[in-house]
Amino acid sequence: MEDTILVTGGAGFIGSNFILRQLAQDPSSILNLDKLTYAGNLRNLDAIAGDRRYEFVHGDIGDRPLVRRLLQDRAPRGVVHFAAESHVDRSIRGPDDFIRTNVDGTFALLEEVRAHYESLPELARRAFRFLHVSTDEVYGSLESADAPFSESTPYAPNSPYAASKAASDHLVRAYHHTYGLPTLTTNCSNNYGPFQFPEKLIPLVILNARDRKPLPVYGDGQNVRDWLYVEDHCAAIATVLANGRVGETYNIGGWNEKRNLDIVQLICDLLDEIEGRSGAPRRELISFVRDRPGHDRRYAMDASKIERELGWHPRETFETGIRKTVHWYLQNATWAKDVTSGSYRQWIETHYSS
Ligand code: NAD
Ligand code: DAU
């Protein structure tokens, strides 16, 4: 494969959206390395299964001989690193996998990529990029009057997930600073859209509201997140990969702060509107449950650097994006049924029973 990008974690929520978008908009080939954990689903990529520019490899980013072989054989011009354990609640119940993949796995990947980069001829080295996909959670929590997170906000991660992502960000930074690896880091706010695993707030609430099951809201429901439609995040990643300044970090966000309770109520109202109001209003399904330990109160992103320097702007408003997302989950009932069997049921029972 010529002109290839190695994507890690491309069978997950954002990675699969990125691959679908990239193949539609860019001539490069994609090599997708994914371990297929509970969160990875090859059905997300059904639409490109026959595309000769796409290849899937089942494997772990921590498997150094495998990564070495892929880099040698395919000589990608870049790596876009999505692979991670990504769910905060799971990191609280069992942080081991988060350290293993997000910290050790990223370290192993960086080591192999560095060796590969150093072996490249000058021209290929100039074009090579390692883009690390990270999160706003590394910056900690804001009070209601605080300014949004900027790229110079000090790191203050509060959950094992956030700490593991912060550690990986620091490693990426060090590999640029020390070894000259041409890295780019993106820190993004909460994503929503098609193919998100229904352990996360928005898809969980859509599917439960559809089925008239309880809608669990942690604590008082007043925690604030900054929501971005997943395609806008993928467009931002493509922009940074193409034009970002090497060694830099870019914050990505939707300028769209919402309280959790408002989001849950909005989804209830949308479903009442779309499905018809045969029973009681779905807002009556809302159930306030025990708060997440260490629950960050507010995230907000200042995305002015990527807007100013690279001309990226979110295209979707929350109102249009959430409507599309609700329709997607209603129209893809088989996808939802498949991913909510087996281990998913076990997670929901363990997590919400207490
Ligand atoms: P996800 O949990 O949906 O997908 C993660 C993917 O990584 C899965 O396909 C999984 O199989 C794969 N994976 C896990 N461990 C692996 C390993 N050791 N080797 C290879 N593959 C492995 O996650 P997501 O929501 O798509 O997030 C993708 C990235 O974006 C993560 O790095 C996350 O921290 C970051 N991020 C997510 C959000 C969000 O709102 N979801 C926001 C900002 C940043
Ligand atoms: O901010 C970016 C991060 O967004 C990403 O780095 C993470 O990978 C991603 O999972 C997401 O983290 P959050 O913890 O913010 O997302 P989650 O969907 O789990 O929760 C969103 C908010 O809703 C949060 O305040 C917790 C709350 N919540 C969540 C669930 C699952 C509830 O009130 N009830 C729930 O059942």
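The numbers here are math on the coordinates, done by the rules we state, and not lab data. Because the structure is predicted, anything quoted here is derived from the model rather than measured. Neighbour counts are summed over all protein chains in view; Cβ atoms, including those assigned to glycine, are modelled from backbone coordinates with ideal geometry.
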>> Suppose R0 equals 51 Å. What FRET efficiency, 1/(1 + (r/R0)^6) with r the Cβ-Cβ distance, do Phe288 and Asp96 give to the nearest 0.05?
In response: 0.95
> Okay, which of the range 73-101 sit inside 17 Å, backbone N to the point 7 Å along the Cα-Cβ direction of Ala242?
Replying inline: 77-80
> Given a cut-off of under 8 Å on Cα pairs at least six residues apart, what relative contact order in percent is computed for the range 109-216?
Replying inline: 29
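Kindly state, as a whole number, the per residue volume in cubic angstrom of the convex hull around the alpha carbon atoms of the range 135-257.
Details: hull volume 15.6 nm³, N = 123.
It comes to 127 Å³ per residue, whole-number rounded.
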>> I'd like the orientation of helix 106-119 relative to the chain: the angle between its Cα long axis and the longest Cα principal axis, in ° from 0 to 90, rounded to 10.
In response: 30
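If you average over every viewing direction, what projected area does the convex hull of the Cα atoms of the chain give, in nm²? Please report the intermediate quantities before stating the final value.
Values: hull surface 67.8 nm².
Spelled out: convex hull of the Cα atoms, projected over all directions, averaged, 17.0 nm².
Taking only Cα atoms of the range 101-189, what ratio of Rg to Rh do you get with Rh as the Kirkwood inverse-distance radius?
On the way: Rg = 14.8 Å, Rh = 14.1 Å.
Computed over Cα atoms, the ratio is 1.05.
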> For Lys337, which aspartates and glutamates qualify as cross-link partners when the Cα separation must be under 17 Å and same-chain residues fewer than eight apart are set aside?
Replying inline: Asp46, Glu199, Asp211, Glu349
> Measuring from label point to label point, each 7 Å out along Cα→Cβ, what is the Gln72 to Arg345 span in nm?
Replying inline: 4.6
> Bin by bin, in steps of 10 Å, what percent of the Cα pairs in the range 94-152 do you find, going until the bin that has the longest distance?
Replying inline: 17, 31, 28, 19, 6, 0
> How high is the relative contact order of the chain, given as a whole-number percent (alpha carbon pairs under 8 Å, six or more residues apart)?
Replying inline: 17
> Out of Pro76, Pro182, Pro95, any idea which swings most in a Gaussian network model of the chain, alpha carbons joined below 10 Å?
Replying inline: Pro95
>> Which residue fluctuates most in the GNM of the chain (Cα springs below 10 Å): Thr186, Thr135, Thr340?
In response: Thr340
> Dividing the alpha-carbon Rg of the range 262-325 by 2.2 N^0.38 Å yields what?
Replying inline: 1.60
> Using Cα atoms only, what is the angle between the long axis of helix 64-74 and the major principal axis of the chain, expressed in degrees (0 to 90) to the nearest 10?
Replying inline: 70
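Taking neighbour Cβ counts within 10 Å as the exposure measure, how do Tyr218, Tyr117 sort from fewest upward? Provide the component values of the computation, followed by the final result.
Working: Tyr218 15, Tyr117 21.
With the sparsest Cβ surroundings first, the list reads Tyr218, Tyr117.
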> Which of Gly193, Gly311, Gly180 moves the most in a Gaussian network model of the chain with Cα springs under 10 Å?
Replying inline: Gly311
> At what distance in nm do the modelled label points of Gln331 and Glu309 sit from each other, each positioned 7 Å from its Cα along Cα→Cβ?
Replying inline: 3.7
